[in-house]
Each structure stands twice: as C-alpha cells, then as structure tokens.
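Some notes on the structure that comes next.
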Amino acid sequence: MSEVGTLKKGLDIFSLLLNRPNMTIPEMMEALGFNKSTMYRLVSTLEQNGFIVRNPSNRYTVSPQLVLALVQNTMHTNYEMNWLSVPAMQKLSEETKETIYAGILHHKQMVTTQVVNGQYSTRTHSEVGNKKPLHANAIGKCILAYQEDSVQKSILHELSLEAYTDRTITELDELEADLALSKERGYAVDNEEREPGVRCIAAPIFRKGKIMAAIALSGPSFRISQEKDEEHAALVKQCAEQISQAITLYE
C-alpha cells in the first residue's frame, strides 16, 4: 500500500470515529471494508500517536485531548474578532451599564468568546469559554437564524430542545418560527428561556457576508424589559455592525 493510500485509510478511520464514536475494530472493519491486518495496523498507529483512544471495553473514540486542542484552536482562529470587538462592546456597556458578550457556534453549542461586564451591582455574569444551548440563548438563536437553510435544519434536528424554564422553546416548529422572526427583524431574544429573570438581545456579526458570531446585551428582566426591546435592539445591532465593519477593514 502506498503512503498516500495508507494515509487515506487512516483518515477514513479517524473520520468514522468522529461521527460514530465507541466502535470496536470488527465494527470499523465492517463499516469501512478493511481487512483485519490493515485495520489492526492502522488503529494501532492512530492510537500510538494520540489520535484515538481505547476504553476498557476495547471500543475506540477520538482522543479527548485532541478534541480539546481543536476547540482551543477554533477559538484562536477568531482572535481578530475577539480584540476588534472590545471597543464597540465597551462603548455599549458604558452606554447601557449592562453586560455585553460575544459568542460563536461550536459543536451545536454557543461558546462565549468575549465579555464586558456591566456596571450595576445586580447584573448578569458570563465568562469566556462558557457554553450554552443554542435554542435557549439569544446568541445561539441569532447565529442559527442566519445559517443556510440546509445547515440550520441539520443542526436543529440534532438539538434536544431541553426545557430550562417554563419559557424555553421546546417545539421544533415554534423554534423555527422564532428563528425566522429573528432574521426578519435583525435580532434574537432570550426571553427568560435559559434562566428565570434574565433577558438577552443578540445581533449578528458578519465576515465576508456570512455570520461568524453574534453580540448580546444581557441583564435582569426588570431592566431589559420587553417594552424596551426595540430600543435595546437598535443599540445591539449598531454595536454588531461596528464590529463587522472593523473586521472588514482589518482584512
């Protein structure tokens, strides 16, 4: 077997385990059609080099350490957005005195990439690296709303739509309608859907015409009230536009 052919088969195994973790060698042989000697040799090589790991039941998965490294690298690739977003986020936080944070889509979750904490003693808190469910989060819903239809549907059908409060959207058709409305008006709302008493408003950040992240204003519902949604949304959308323009100028 040529080196290229060997590499291709190794990548086939790695790709298989990414999509179907916890497989035995016989199961992988059946799925890929490799003979026993080839499969054992390639699996051993991948394991020795830290790409895959074996559990006590002789089932294989992609190495958790490798996954972590990939996540960290993904976060790093957004470094320009992280620092370019700070001036606009800081300005919005000073104007509203509320917490402002940015986030991206990663592995069917929203991951926080930047935070400017609010000035009120009673305020919401978030930290870089925090993960939140897409369907119960303003940034998550905003990013979903601007995905291509096929991508959006694929993601939606993989979400569990777990209820976190009595306001969480748990029905697929209701969530799809909420996403359509979010895209139409240019912002998404978390109406106490993740945490009682907390509301968020998020707007999209674009890079080369495609959604890359979103920015959100977050605070207690008595300050971020529904009656003020249009007022707050205008400020958040302006902030998001400033960041999008900064990214375009930077490139």
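With a Cα-only, solvent-free Debye model of the range 92-171, what are the log10 I(q)/I(0) values at q = 0.14 Å⁻¹?
Debye output, listed in q order: -0.53.
Once you wrap a convex hull around the alpha carbon atoms of the range 133-189, what is its projected area averaged over all directions, in nm²?
Hull-based average projected area comes out at 3.4 nm².
Give me the Kirkwood hydrodynamic radius of the range 210-251 in Å, from all C-alpha pairs, to one decimal place?
Over the range 210-251, the inverse of the mean reciprocal pair distance is 11.6 Å.
Run the 1.4 Å probe and let me know the accessible area of M29, rounded to the nearest 10 Å².
50
What residues qualify as long-range amide H neighbours of M110, i.e. H under 5 Å apart, gap of 5 or more or another chain, H built at 1.01 Å from N?
Amide H to amide H, under 5 Å and 5 or more residues apart or across chains, M110 pairs with K132, L134.
Longer than 31 Å from Cα to Cα, which of K108/K208; K132/K208; K97/K153; K132/K228; K8/K141; K36/K132 are they? Say none if no pair is.
As for pairs spanning more than 31 Å Cα to Cα, those are K97/K153; K8/K141; K36/K132.
Might you tell me the accessible area per residue for the chain, computed with a 1.4 Å probe and given in Å²?
Spelled out: the 1.4 Å probe surface of the chain, per residue, equals 53 Å².
In nm, to one decimal, how far is the modelled label at Q245 from the one at E3, with both set 7 Å along Cα→Cβ?
Those two pseudo-labels are separated by 5.1 nm.
Whole-Å semi-axes of the chain's equivalent ellipsoid, largest first, each the root of 5 times a Cα gyration tensor eigenvalue?
Values for the chain, descending: 41, 20, 16 Å.
Quick one: what do you get for the range 150-251 if you divide its Cα Rg by 2.2 N^0.38 Å?
Cα Rg divided by the expected 2.2 N^0.38 Å: 1.15.
Calculated FRET efficiency, L172 and E95, Cβ-Cβ r, R0 41 Å, to nearest 0.05?
0.65
Excluding ligands and nucleic acids, what accessible area in Å² is computed for R41 using a 1.4 Å probe, to the nearest 10?
For R41, solvent-accessible area is about 110 Å².
Could you please put D173, D178 in sequence from largest to smallest accessible area, using a 1.4 Å probe?
D173, D178
Between E148 and K228, what is 0.36 nm times their sequence separation minus the Cα-Cα distance? Round to one decimal in nm.
Length difference between fully extended and current span is 25.8 nm.
The values are calculated or read from the model by the stated rules, or taken from the named source; none is laboratory data. Every value quoted in this text rests on a predicted model; they were computed, and no experiment measured them. Don't worry about glycine lacking a Cβ; one is built from the backbone with ideal geometry, like all the others, and counts go over all protein chains shown. When the accessible area is computed, the model is the full protein with side chains, heavy atoms only, and any ligands, DNA or RNA have been set aside. Shrake-Rupley method; radii C 1.70, N 1.55, O 1.52, S 1.80 Å.
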